[in-house]
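Just below is one structure, and these are the notes that go with it.
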Amino acid sequence: MTEFIVLMIPFAGTALGSMMVFFMRGKVNPKLEKTLLGFAAGVMIAASVWSLLIPSIEMSEAQGVAWFPAAIGFCLGVLFLLIIDTLVPHLHLDTDKPEGMKSGFSRTTMMMLAVTIHNIPEGMAVGVTYAGAALGNTSITLTGALALSIGIAIQNFPEGAIISMPLRSEGMKRGRAFFCGILSGIVEPLGGFLTIMLTAQIIPFLPYLLSFAAGAMFYVVVEELIPESQSGEHSNMGTIGAGLGFALMMVLDVALG
């Protein structure tokens with residue numbers, strides 16, 4: 001039951017955010033959008049460090065080369081997201097040039113795929129931290145896994161609105177825009193569950209899996225969130241949001257972890 005709750009909390013954040021399409025009209029205010037994008041970046045950076053990389057290093061200290069699993073896993077995580085980003089057709093916010101392989105997908109479908117790619121490492125991160133806590137012989141606690149889940153859910157709430165509102169402005173009906181927002185977030189509990197199953201089979205590789213999730217999240221931050229929060233006007237709002245997100249996730253992890 002605890003596993004289900006921890007995995008579903010981030011998805012609930014996305015779903016609640018997507019519901020804003022029923023209560024808000026037009027597009028999200030540009031200043032608010034940049035603040036929220038920066039906030040998401042700050043949360044993911046802090047989570048990568050406190051919830052993933054530091055536990056990975058601590059687990060590896062007994063093996064004599066504490067930095068090796070963290071460095072290898074991190075680089076593989078970056079490479080993994082790079083491959084997905086290169087292959088999957090998607091379209092970022094406020095751009096007209098699709099990325100990934102050529103396809104006949106509609107603009108709205110590619111916008112949704114962009115957010116789906118973003119959510120993959122978040123689900124992995126929650127899954128691997130929960131698995132580490134469940135093992136009982138690591139420095140990760142269940143409250144630490146819960147803290148990460150809550151932190152990601154908080155930044156998923158505005159992200160849900162950021163994906164559903166543009167879809168609505170593209171002419172999609174509110175109900176369908178809400179459904180697409182939810183659909184983009186379903187990869188989080190699925191990815192988390194698969195990661196838990198994988199970790200249970202290869203326990204010695206847990207430090208690599210933790211840093212792998214960190215690398216994947218880092219790629220999303222640098223490739224997507226930071227550029228979108230810093231482009232055009234009001235870039236300072238993105239910076240402020242990143243600072244707030246980083247501080248909140250750090251507090252959650254230290255206080256609950």
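The values are calculated or read from the model by the stated rules, or taken from the named source; none is laboratory data. Note that this is a predicted model, so its numbers are computed, not measured. Reconstructed Cβ throughout: ideal geometry from the backbone, glycine too, with neighbour counts over all protein chains shown. Calculation scope for accessible area: heavy atoms of the full protein, side chains included, ligands and nucleic acids excluded. Shrake-Rupley method; radii C 1.70, N 1.55, O 1.52, S 1.80 Å.
Test each condition in (1) assigned to a loop (DSSP other than H, G, I, E, B); (2) surrounded by 19 or more Cβ atoms within 10 Å (Cβ to Cβ) for Gly171 and report the one that comes out false.
Every listed condition holds for Gly171 apart from (2).
Could you list, ordered by first residue, the pairs with Cβ atoms under 6 Å in which the first is in region 103-132 and farther than 20 Å from Met44 by Cβ and the second is assigned to a helix (DSSP H, G or I), at least 6 apart or interchain?
So the pair list comes out as Thr108/Leu167.
Which one is farthest from Leu183 (Cα to Cα) among residues in region 10-33 that are open to solvent by 60 Å² or more (accessible area, probe 1.4 Å) and more than 21 Å from the chain's Cα centre (by Cα)?
So the residue we want is Lys31.
What's the total number of residues in region 182-217 that are closer than 20 Å to Ile83 by Cβ and open to solvent by 10 Å² or more (accessible area, probe 1.4 Å)?
10
Looking at region 91-98, is at least one residue over 19 Å from the mean Cα position of the chain (by Cα) and either at pLDDT 80 or above or surrounded by 24 or more Cβ atoms within 10 Å (Cβ to Cβ) (or both)?
Of all residues in region 91-98, those over 19 Å from the mean Cα position of the chain (by Cα) come to 94-98.
This time we only want the ones that are either at pLDDT 80 or above or surrounded by 24 or more Cβ atoms within 10 Å (Cβ to Cβ) (or both), so: 97-98.
Checked against the condition, which is being over 19 Å from the mean Cα position of the chain (by Cα) and either at pLDDT 80 or above or surrounded by 24 or more Cβ atoms within 10 Å (Cβ to Cβ) (or both), region 91-98 yields at least one hit.
With respect to Glu233, is the statement that it is among the acidic types (Asp, Glu) and under 19 Å from Leu76 (Cβ atoms) true?
Criteria not met by Glu233.
Go through Ala62, Ala66, Ala70 for me and flag whichever is open to solvent by less than 40 Å² (accessible area, probe 1.4 Å), more than 16 Å from Val221 (Cα to Cα), without any contact (Cβ under 8 Å) to a residue 24 or more places away in the chain and of a type in the set (A, V, I, L, M).
Ala66
Suppose the filter is more than 27 Å from Ala134 (Cα to Cα) and not small (Gly, Ala, Ser); does Leu7 pass it?
no
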